[in-house]
Amino acid sequence: MQVRHFLALALCLVIVAPASAQQLAGQASAIQVPQSLDQLLAAGQQSPFSGSVPTGELKNGVLELSVDDALTRGLKYNLGIVLSGQTTAVARADRLKDLSNILPHLDGNLHEAAIKASLPAEGFNFSIPGIKLGPGIKFTNADARVSLTEDLFDLHAIQNARAANSKVKAAEFNFRSARETVTLAVAASYLLVISAESQVEAAEAELKTAEALQTLANDRENAGLTPNVDTLRARVEYQVRRQNLIEAHNNLAKQRITLLRVLGLPVHQQIKLVTRAAYKPLPNIGEETALKMALAGRPDYLSLEQQVKAAELMKKSAQAERIPSLGVSGDYGVIGTHPSNAFATWTVGAGLRIPIFEGRKTEGDIHEADAKLKQVRAQRDDLRGRIEQDVADAMLDVNAAAEQVEVAATTVQLAEQTLAESKDRFSNGVTNNIEVIQAQEAMANAHQQYIGSLYAHNIAKVLLSRALGMAEQTLRTVLDEAAAPFAVPAQ
């Protein structure tokens with residue numbers, strides 16, 4: 001299915017993006033650019049859910065953007081949601097065409113003709129005594145008529161119409177699944193911008209620390225307390241931090257562009273994210289309860305259920321090709337050579353169509369419908385297993401990420417204490433600045449680990465919501481200041 005394919009692409013984007021967003025502390029990060037023709041060509045490809053239909057003009061000033069604002073825009077202008085909406089419209093149009101086969105057909109016809117006929121050509125090549133007939137004759141004819149046809153019983157057409165209803169329901173569930181995917185794309189892009197902003201803040205703080213260390217090393221060298229090599233090491237560290245800050249700003253700019261593209265905003269629009277998505281644990285729910293919620297709420301699973309139902313009806317429709325069909329037809333109108341001598345006429349008829357030999361067409365239709373039914377059943381059963389895996393994986397990721405956030409927070413505190421003590425030791429001449437630089441690199445690593453783990457925890461919560469089929473419903477509370485417990489959706 002296209003929607004599940006798009007979802008897989010979006011999930012790959014979410015999984016890969018953090019790797020490009022994170023930097024190695026203690027060394028400069030290279031700007032990420034394509035290194036080969038294959039990479040250049042791949043860079044031009046994108047999932048529809050990472051694009052949008054651009055709307056509006058560039059606004060002056062800074063546009064404040066909350067999670068709620070971003071989600072509202074994404075669900076309106078994202079390319080994936082627009083395409084899915086048109087697919088649903090096509091399914092509804094197909095249902096109308098199938099429905100027309102079991103509804104009455106009423107036609108009106110107005111016919112006016114002037115005719116000149118050749119009697120010999122029509123077989124009138126004899127003579128009538130006392131009547132002189134020429135080789136041709138002219139006359140006029142007018143006919144106004146209403147015709148009605150109706151299939152009283154055609155099980156094949158009835159089953160097709162019922163299958164079309166199920167296909168429309170499946171398309172509507174696919175549209176809901178597309179909304180879930182858009183929610184995931186918006187949340188991932190929003191969180192990546194927050195993470196990139198945190199990296200810029202951390203890089204700026206690290207640059208200030210490196211600048212202070214360089215000043216201290218210069219002062220101690222000028223006082224004759226330390227050799228020049230300590231000053232050189234401090235300068236190298238300062239330059240590395242400058243490079244990391246450049247990379248952090250570049251990464252932030254690109255993440256903002258990605259978010260703007262997902263939302264349909266101009267890529268040069270200045271924005272300010274007002275939702276900060278701080279660390280916040282989720283309430284515990286049992287895996288069995290979570291699986292029930294997923295099977296009841298996942299629109300992709302509900303779509304496959306409707307596709308199975310549609311395939312079953314299509315098989316019954318193919319089998320019904322062997323059953324006779326009954327129909328009626330009739331017309332009523334007036335006919336004559338002139339309105340003054342028009343005469344009312346009508347016909348009524350009924351017909352019974354009995355298929356006797358269709359050239360093995362019916363047998364072929366049955367086999368084809370049965371094969372499609374088995375395919376969609378296999379896809380549904382596979383998706384049920386993948387849903388169970390998605391829920392289990394998401395719950396593990398949420399729990400592991402929560403522990404990582406707590407560990408990373410403790411590591412940051414310890415690294416800051418270590419750096420402070422190392423600076424004191426260097427200032428007092430107890431050690432050289434190698435120890436200080438190592439402590440600074442450890443602190444930078446700790447900050448990056450904390451930023452990465454916080455992003456991983458937030459995106460894990462969003463992925464859990466997506467696994468339960470509740471991403472759109474819970475995104476605002478998952479990333480807001482106060483989380484609401486997951487609730488079983490109403491049936």
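Things to note:
- Region 62-82, residues that are surrounded by 13 or more Cβ atoms within 10 Å (Cβ to Cβ), in contact (Cβ under 8 Å) with a residue 60 or more places away in the chain and not charged (D, E, K, R): Leu63, Leu65, Ser66, Val67, Ala70, Leu71, Gly74, Leu75, Tyr77, Asn78, Gly80, Ile81
- Reported count of residues in region 32-54, each being more than 23 Å from Thr275 (Cα to Cα) and at pLDDT 75 or above, is 4.
- Within this structure, Thr411 passes the test of being surrounded by fewer than 22 Cβ atoms within 10 Å (Cβ to Cβ), hydroxyl-bearing (Ser, Thr, Tyr), assigned to a helix (DSSP H, G or I) and without any contact (Cβ under 8 Å) to a residue 40 or more places away in the chain.
- Some residue of region 226-233 being of a type in the set (Ser, Thr, Tyr), within 30 Å of Val308 (Cβ to Cβ) and crowded, with 20+ Cβ neighbours inside 10 Å: no
- Filtering region 321-349 to residues that are assigned to a strand (DSSP E or B), among the small types (Gly, Ala, Ser) and in contact (Cβ under 8 Å) with a residue 40 or more places away in the chain leaves Ser325, Gly327, Ser329, Gly330, Gly333, Gly336.
- Annotation note: Cβ proximity below 9 Å between a residue of region 201-224 that is closer than 30 Å to Arg276 by Cα and a residue that is surrounded by 13 or more Cβ atoms within 10 Å (Cβ to Cβ) and of a type in the set (Phe, Trp, Tyr) (sequence gap 6+ or interchain) occurs for Ala202/Tyr450; Leu207/Tyr238; Ala210/Tyr238; Glu211/Tyr238.
- Scanning region 396-431 for residues that are closer than 14 Å to Leu216 by Cα and in contact with a Pro (Cβ under 8 Å, 6 or more places away or on another chain) gives no hits.
- Of the criteria (1) touching a His at 6+ places or on another chain (Cβ under 9 Å); (2) buried (at least 20 other Cβ atoms within 10 Å of the Cβ), which one Ala248 fails: (1)
- Taken over region 450-480, the criterion of being at negative phi and either among the hydroxyl-bearing types (Ser, Thr, Tyr) or not in a helix (DSSP H, G or I) (or both) is satisfied by Tyr450, Ser453, Tyr455, Ser465, Leu468, Met470, Thr474, Thr477, Leu479, Asp480.
- Filter result for Ala163 (at pLDDT below 90 and under 33 Å from the mean Cα position of the chain (by Cα)): yes
Residue-wise test of (1) touching a strand residue (DSSP E or B) at 6+ places or on another chain (Cβ under 7 Å); (2) more than 24 Å from Phe175 (Cβ to Cβ); (3) surrounded by fewer than 18 Cβ atoms within 10 Å (Cβ to Cβ); (4) at pLDDT 85 or above.
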residue	(1), (2), (3), (4)
Leu373	no, no, no, yes
Arg384	no, no, yes, yes
Asp390	no, no, no, yes
Met395	no, yes, no, yes
Glu406	no, yes, yes, yes
Ala415	no, yes, no, yes
Val436	no, yes, no, no
Leu454	no, yes, no, yes
Arg476	no, no, yes, no
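- Candidate set from region 84-106 (those that are β-branched (Val, Ile, Thr) and assigned to a helix (DSSP H, G or I)); member that is surrounded by the fewest Cβ atoms within 10 Å (Cβ to Cβ): Val90
The values are calculated or read from the model by the stated rules, or taken from the named source; none is laboratory data. Predicted model only: the values in this text are computed from it and were never measured. Cβ: placed from backbone, ideal geometry, glycine included. Neighbour counts: every protein chain shown.
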